[in-house]
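See structure below.
The values are calculated or read from the model by the stated rules, or taken from the named source; none is laboratory data. In this text the structure is predicted, and so the values were computed from the model without any measurement. As a convention, Cβ positions derive from the backbone with ideal geometry for all residues, glycine included, and neighbour counts pool all protein chains shown. Side chains included, ligands, DNA and RNA excluded: accessible areas come from the protein's heavy atoms. Shrake-Rupley method; radii C 1.70, N 1.55, O 1.52, S 1.80 Å.
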Amino acid sequence: MVSDNTKIGTALMFLGFTFLFLGALFLFDSTLLALGDVLFLAGLTFTIGIPRTVRFFSRKDRLRGILAFFGGFALVMMRYGLTGMVLQVYGLVYLFGQFFPIAAASLRDVPVVGAVFRMESVERFFRGFGGGGSGERRAPV
């Protein structure tokens, strides 16, 4: 059974992604991007809990991604929307890069989009993410 905090966190993350999408759609409106960032971080904290969030954002092996993500967050808060989002996307890819092959493997079994994720070129693209083909993949959190 899913806890209430996880449900609230999932809803906050969905709202955060919605505001981030709208902020990018409206030519990187910094107000919408900032609201999306705050909701995304609050949703992540509610979903996985405070100790795991702190542990995730304090790992030394991910320092480059953490600094890029929070540097982009600070730039968005200072109303530099486009630059901040570019930095945040780099940080998110660096932080969650190991998760992309796991998600792609799961999407291979989905009826409509599975054929796309089973294509050799797409498989090769996701194989190169986050740790270079080490064989053993695990979720980043």
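Does segment 106-114 contain at least one residue that is more than 14 Å from the chain's Cα centre (by Cα) and at pLDDT 95 or above? The answer is no; no qualifying residue exists. Is at least one residue of segment 18-28 among the polar types (S, T, N, Q), open to solvent by 40 Å² or more (accessible area, probe 1.4 Å), within 18 Å of G72 (Cβ to Cβ) and part of a helix (DSSP H, G or I)? So far as segment 18-28 goes, no, none of its residues is among the polar types (S, T, N, Q), open to solvent by 40 Å² or more (accessible area, probe 1.4 Å), within 18 Å of G72 (Cβ to Cβ) and part of a helix (DSSP H, G or I).
The residues on offer are V86, V76, and the sole one that is hydrophobic (A, V, I, L, M, F, W, C), in contact with a Ser or Thr (Cβ under 7 Å, 6 or more places away or on another chain) and assigned to a helix (DSSP H, G or I) is V76. Of the residues making up segment 90-117, those that are open to solvent by 80 Å² or more (accessible area, probe 1.4 Å), over 16 Å from F56 (Cβ atoms) and part of a helix (DSSP H, G or I) number 1. For beta carbons closer than 9 Å, sequence separation of 6+ or different chains, a first residue in segment 64-85 that is open to solvent by 40 Å² or more (accessible area, probe 1.4 Å) and a second that is of a type in the set (D, E), the qualifying pairs are F73/D37; M77/D37. Against the test of being modelled with pLDDT under 90 and at negative phi, the options A139, A74, A68 yield a single qualifying residue, A139.
Conditions (1) within 15 Å of the chain's Cα centre (by Cα); (2) among the hydrophobic types (A, V, I, L, M, F, W, C), marked per residue:
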residue	(1), (2)
T18	yes, no
F21	yes, yes
L27	no, yes
S30	no, no
L35	no, yes
L39	yes, yes
L44	yes, yes
S58	no, no
G65	yes, no
